[in-house]
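Encoded as structure tokens, the structure appears first; notes follow it.
The values are calculated or read from the model by the stated rules, or taken from the named source; none is laboratory data. Computed from a predicted model, the values in this text were never measured in an experiment. As a convention, Cβ positions derive from the backbone with ideal geometry for all residues, glycine included, and neighbour counts pool all protein chains shown. When the accessible area is computed, the model is the full protein with side chains, heavy atoms only, and any ligands, DNA or RNA have been set aside. Shrake-Rupley method; radii C 1.70, N 1.55, O 1.52, S 1.80 Å.
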Amino acid sequence: MKRVRTEQFQYTVAQYLKRRQYVESEGPPKGPKLSQTAEEMATNLTVQTESGCTNFVSAAPCQADSQQYEIQFGQLRTFLTDTNVQWSREVTSVLYPLFVYLHLDMVHCGLKSSVDSFYSRFHSMFLQDTDQKDIIEQLRTTLTVQDISSNPKLRAFLDNKYVVHLTDEAYNYLLRYLQSDNNTALCRVLASHIQVEVTSTQRTVYQLYGSGPSGVGGFSRGDASNNMEPGDVPASILQNEAARNSLQECIKRVKDGPPSLSTVCFYAFHNTDQLLNSAEISANSKLLAAGFDNSCVKLWSLRARKLKAEPHQVDVSRINLACDVLDDETDDEDSAGTEMKTLRGHCGPVYSTTFLTDSSGLISCSEDTTIRYWNLGSFTNTALYQGHAYPVWDIDISPCSLYFASGSHDRTARLWTFSRTYPLRLYVGHLADVDCVKFHPNSNYIATGSTDKTVRLWSTQQGNSVRLFTGHRGPVLSLAFSPNGKYLASAGEDQRLKLWDLASGALFKDLRGHTNNITSLSFSPDSSLIASASMDNSVRVWDIRNTYCNASADGSSSELVGVYTGQISNVLSVQFMACNLLLTTGTTQENQEH
């Protein structure tokens, strides 16, 4: 029964394909053809038209509008001569047979006036070639069908097909043009009188020389008798290799040469009255957050787009009671957005703020011993983390925003996750306040700096101390890991910037130059430069490779490559961004008028 039904299905499908004029094929499918005749093109056109596919070549009847011959040929000539595409010159070989057959076709149709206009406009294109010039001059006096019959050369044109060889790319380039507009006259000539032989693209000499198999093109790497001498190598290969070597040399000179000075962008806070404690710029450089003594966090947009909260599905703080006086201006302001948002929730000075990696959220720590998470979609506080018993001085988020760490006046550092309101790990060992914390780029380690003048490196998961760095003569206020994970930078009240080799645990460099407390550090993306901000109102950039640096006249370390100062009273933070851009935040001098 199943066999009978299968035969019925096959018979039904065969009848459908026959009605659609598809060719039956019982043999195995053949490989892709490298050539295609005009008849095959016209046949494929019919099949594709019936199946709803895009038409490639149209076998249209004779043109009713005599001007279409001249218009379509002129557009094709302009398309090929005015473009710089590499296949235009190859496709240009189709113009000569198209001109001849279009001319003869117009003669057959009795379009005498159109023949004269068509010939006078385009015949000069083919007079440079001696073989083509002979046929073109004969077409001048060919105005009737009798003229064609009496001319053996023109009769041979009609009795035979003109063969044009094109590569795959050139053929596809021609087809894309033919299907882009009404080119029925050109398509009919291609289908009836021109045989387009499509061949696969030939390999270049460079490909044969560089990666060809043994014996290809008469060249074998293993055969000493066929070895090419340097003078036998094609000039194009030598030029390519010379250009490659030159490029590699330039890259090496840039990499090993003196560093280029960083572009510094300074964001200044005015009229803060010494209430500003911290400032942070998001990784996408779109937002600026600052923590203030009045327990609020302020958020600014650094782009033209204003800050606009997403609509709340449930917000009990906005339920209007009968006794409330509605403020329409506030509603209008929320709907239009503002350039600055104030986030309230802490009940003490805010000492640090940090953005998530994707800038979708913000965490802040305060003297009130809490850490708060702020949703930057709705600009609301959505999580409260409690665990410290004393003020929290600093926080940092892991590179993938899975964890965050905090340091406190209670002499401990703690590890948190966003989904739990209690700490996962306690890092105990410092003898005084933990002033700064920083995650290693691989998130497996946390560094802490303390008022006890030491820096400790902790295992994130085990919770034990794996490195102890001593050498500072004052509290450590700032830390930074190099993006390559090899070095840890620390600085503080002793005005020294120290670089530690994490593998050996030894001091790598001791950089001097600042004249006041160093408050912020940041490595460049390639780990070759480090920037430091200080209360001496300067930002300094150091090249830790120390290859092209010279000793400074003011006693600074030889690694110093740039000093940036301005009309500022305090530099809060420095952050390296892409393209060697250094973003700096700080406050302006109080004696300035604004």
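Structure data summary
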item	result
Listed peptides 354-364, 464-474, 381-391 by packing density, highest first (mean Cβ within 10 Å)	354-364, 381-391, 464-474
Length-normalised contact order of segment 72-209 in % [C-alpha pairs under 8 Å, at least 6 apart]	29 percent
Contour excess over end-to-end distance, with Cα ends at residue 339 and residue 179 and 0.36 nm allotted per residue	52.4 nm
Rounded accessible area per residue of segment 363-407, 1.4 Å, Å²	34 Å²
Rounded FRET efficiency, nearest 0.05, which uses the C-beta distance separating residue 83 from residue 308 and R0 of 56 Å	0.75
Pairs from 341/498; 255/498; 298/453; 112/153 whose Cα-Cα separation, in the structure shown, is over 28 Å	341/498; 298/453
Cα lying deepest toward the dipole's positive end in segment 414-520, options 466, 511, 490, charges on Cβ	466
For segment 408-456: span of alpha carbons on each principal axis (Å, largest first)	33, 24, 13
Accessible carbon and sulfur surface of segment 376-512 relative to its total accessible area, %, 1.4 Å	47 percent
Relative compactness, segment 82-172, computed as alpha-carbon Rg over 2.2 N^0.38 Å	1.17
Residues residue 389 and residue 484, FRET efficiency given R0 of 22 Å [Cβ-Cβ distance, rounded to 0.05]	0.05
For residue 286, net neighbour charge (Lys/Arg +1, Asp/Glu -1) across residues whose Cβ lies under 9 Å away	+2
Solvent-accessible area of residue 176 with every protein chain in place, 1.4 Å probe, in Å² to the nearest 10	120 Å²
Percentage of interatomic Cα-Cα distances in segment 423-571 larger than 19 Å	50 percent
Computed label-point distance, nm, for sites residue 68 and residue 250 using a 7 Å Cα→Cβ extension	5.3 nm
Solvent-accessible area of residue 105 with every protein chain in place, 1.4 Å probe, in Å² to the nearest 10	20 Å²
Förster radius 60 Å - calculated FRET efficiency between residue 134 and residue 461, Cβ distance, rounded to 0.05	0.10
Accessible heavy-atom area order of 108, 123, highest first, probe of 1.4 Å	108, 123
Charge dipole (debye, nearest 20) of segment 330-431; +1 at Cβ of Lys and Arg, -1 at Cβ of Asp and Glu	640 debye
Environment charge at residue 562 (Cβ cut-off 10 Å; Lys +1, Arg +1, Asp -1, Glu -1)	0
Magnitude of the charge dipole, segment 361-504, Cβ model with Lys/Arg +1 and Asp/Glu -1, debye to 20	400 debye
Distance between modelled label sites at residue 240 and residue 443, nm, 7 Å Cα→Cβ extension	4.4 nm
Potential lengthening between residue 426 and residue 75 on full extension [0.36 nm per residue; Cα-Cα distance subtracted]	118.6 nm
